[in-house]
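Read-outs: derived from the displayed coordinates by stated rules, not from any lab. Source: prediction; values computed, not measured. Cβ sites come from the backbone with ideal geometry, for glycine too, and all protein chains shown count toward neighbours.
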Amino acid sequence: MIGLPRLFFSFLKIGALTFGGGYAMIPLFERFFVHDYGYLSEDEFTDALVICQSLPGVIAINFAVYIGLKLRGGVGALVSGVGVALPSFILIMVIATFFFRFIENPYVEAIFMGVRVAVIALIFTAGFRILVRNRHPFGILIGVLSFLLVGLFFVHPFFVIIGMGAAGFLFSRVKEVSHDDVD
Amino acid sequence: MMSISLFFTFLLIGAVTFGGGYAMLPLFERMIVEGQGWLDRSLFLDMIALSQVTPGPVAINSATFIGFEIQGVVGAFFATTGVVFVPVILITLVSHYQERFKQSKAVQGVLYGLRPALFGLIFASAYSLFQDAIHDIYGVILFIVFSVLLIKFRVHPILIIVISGILGLIIYL
């Protein structure tokens with residue numbers, strides 16, 4: 001059985017060293033917990049992935065909490081969740097402090113004028129990747145409808161998310177939705 | 001009062017967002033930039049850039065940054081705890097009924113509608129930010145070039161951000 005300090009520090013390390021968020025962390029979780037130490041089997045790991053992706057929230061936190069819970073119960077979940085989030089939490093506050101001090105600087109302002117364009121491209125790319133994975137007719141219809149409702153009619157995304165979830169549920173009662181259709 | 005409002009705003013965002021960091025941005029934009037007016041659009045974009053180039057989950061980085069900007073360390077704490085609150089409870093519940101959850105037709109059905117809704121929401125967010133933050137032809141060209149590099153050539157996001165910063169210095173200084 002994995003000790004609590006070890007659990008904490010393995011998540012702390014992954015949280016501190018992985019750039020790009022949850023999906024970038026998954027291979028590291030797998031290597032550590034499945035391949036290197038065998039704390040989880042391949043199947044248990046796949047289950048964890050399916051469940052974390054089927055629930056709302058931050059992928060990395062969901063994963064850490066789930067693995068912590070499986071390996072060491074409630075305390076394990078707490079230790080893992082705090083471990084994976086703590087480096088970001090501290091680092092971001094340090095960066096934010098300096099950022100607000102330098103934002104008036106003309107060099108910094110010019111840099112961020114360029115960076116903002118890159119961020120919009122990143123957001124667009126994130127949307128594009130989801131579009132590619134859901135390009136069945138029903139998916140395209142739902143996506144275009146969501147875009148129009150939020151982008152043109154300013155409906156709150158919260159209601160669109162609830163509504164489209166309900167639409168998916170109703171659609172699946174009429175037409176069989178296979179597991180492969182949902183990735 | 002501010003702490004409570006921060007906590008519940010992030011709790012709501014965390015409770016309904018499937019698919020992690022970027023999927024949360026449309027709700028961040030609507031609730032925190034437009035709704036509460038806690039951040040303006042350019043700071044919102046800067047915040048995303050900083051969250052991307054800093055290690056750790058993008059959603060946690062963003063929540064910490066926004067909370068910290070609004071109410072210091074206390075705000076950072078409440079925003080971050082808020083965003084993970086509902087998912088952590090759900091994970092705990094689901095882990096007890098794992099097999100039933102995995103095979104549930106209802107869950108599969110809901111996700112069948114939710115997943116594609118996300119690309120609509122994310123595009124809507126990109127569209128409104130585009131109108132606000134891209135003012136000239138350089139911006140339009142860079143947006144197209146960066147998108148192609150990211151999608152077609154799978155260039156690493158951090159490299160794109162670094163290049164965009166250097167180009168920003170050259171073009172806008």
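Based solely on its DSSP helices, what 222 nm [θ] is calculated for the protein assembly as shown when runs of n ≥ 4 H residues each add -39,500 (n - 2.57) and the sum is averaged over all residues, nearest 500 deg cm²/dmol?
Details: 15 runs with 278 residues, N = 356.
Here the helix-only value at 222 nm equals -26500 deg cm²/dmol.
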Check: Suppose every K and R has +1 on its Cβ and every D and E has -1 on its Cβ; what is the size of the dipole of the protein assembly as shown about the Cα centre, in Debye to the nearest 20?
Finding: 420
Margin query: Could you compute the net charge surrounding A:Ile103? Neighbours are other residues with a C-beta less than 13 Å from the C-beta of A:Ile103; K and R count +1, D and E count -1.
Written below: -3
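Where in chain B lies the longest segment free of chymotrypsin sites (Phe, Trp or Tyr not before Pro) that are both loop residues by DSSP (not H, G, I, E, B) and have at most 14 other Cβ atoms within 10 Å? List each step's numbers first, then the result.
On the way: sites that count: B:Tyr97, B:Phe153.
The longest such stretch corresponds to B:1-96.
What average count of beta carbons from other chains do you get within 10 Å of the Cβ of residues in B:78-90? Mind showing how you got there, number by number?
Details: counts 0, 0, 6, 1, 0, 4, 9, 1, 3, 10, 12, 2, 7.
The per-residue average across the peptide is 4.
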Margin query: Could you tell me the calculated FRET efficiency between B:Leu159 and B:Met2, based on Cβ-Cβ distance and R0 = 35 angstrom, to the nearest 0.05?
Written below: 0.40
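FRET efficiency for B:Leu173 and A:Phe171, Cβ-Cβ distance as r, R0 = 45 Å, nearest 0.05? Spell out each step's value before the answer.
Working: r = 52 Å, r/R0 = 1.16.
My answer for the efficiency is 0.30.
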Check: Separation between the A:Ser41 and A:Leu141 pseudo-spin-labels, each 7 Å from Cα along Cα→Cβ, expressed in nm?
Finding: 4.1
Checklist line | Cα centre as origin, Lys/Arg/Asp/Glu Cβ charges: chain B dipole, Debye | finding: 720
Next item on the list: Enumerate the calculated ³J(HN,Hα) couplings along the stretch A:128-141 in order (Karplus 6.51 cos²θ - 1.76 cosθ + 1.60, θ = phi - 60°), each rounded to whole Hz, writing x wherever the residue is Gly or Pro.
Entry: 4, 4, 5, 4, 4, 6, 10, 8, 7, x, 4, x, 4, 4
Check: Just going by the charge dipole of the protein assembly as shown, with Lys and Arg at +1 and Asp and Glu at -1 on Cβ, which of A:Phe153, B:Gly109, A:Ala167 is farthest out on the positive end?
Finding: B:Gly109
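Could you work out the longest stretch of chain B that avoids the trypsin sites (Lys or Arg not before Pro) located in DSSP loops with at most 10 other Cβ atoms within 10 Å? Can you show the working numbers first?
Details: sites that count: B:Lys152, B:Arg154.
Excluding the exposed sites themselves, the longest stretch runs over B:1-151.
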Check: Given labels modelled 7 Å from the Cα in the Cβ direction, how far is it in nm from B:Ser104 to A:Phe153?
Finding: 2.8
Next item on the list: For A:Phe19, enumerate residues with amide H under 5 Å from its amide H, sequence gap 5+ or separate chain, H modeled in the peptide plane.
Entry: B:Gly56
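If each residue of separation counts as 0.36 nm, what is the full-extension length gain between A:Val75 and A:Ile90 once their alpha-carbon separation is subtracted? Can you show the working numbers first?
On the way: separation 15, 0.36 × 15 = 5.40 nm, distance 2.19 nm.
Computed gain between A:Val75 and A:Ile90 is 3.2 nm.
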Check: Can you give me the Cα centroid spacing of the stretch B:1-56 and the stretch A:1-57 in angstrom?
Finding: 25
Notebook entry, point to check: With chain B treated as a Gaussian network of Cα nodes joined by springs under 10 Å, which of B:Ile66, B:Ile13, B:Ile134 yields the largest mean-square fluctuation?
Noted result: B:Ile134
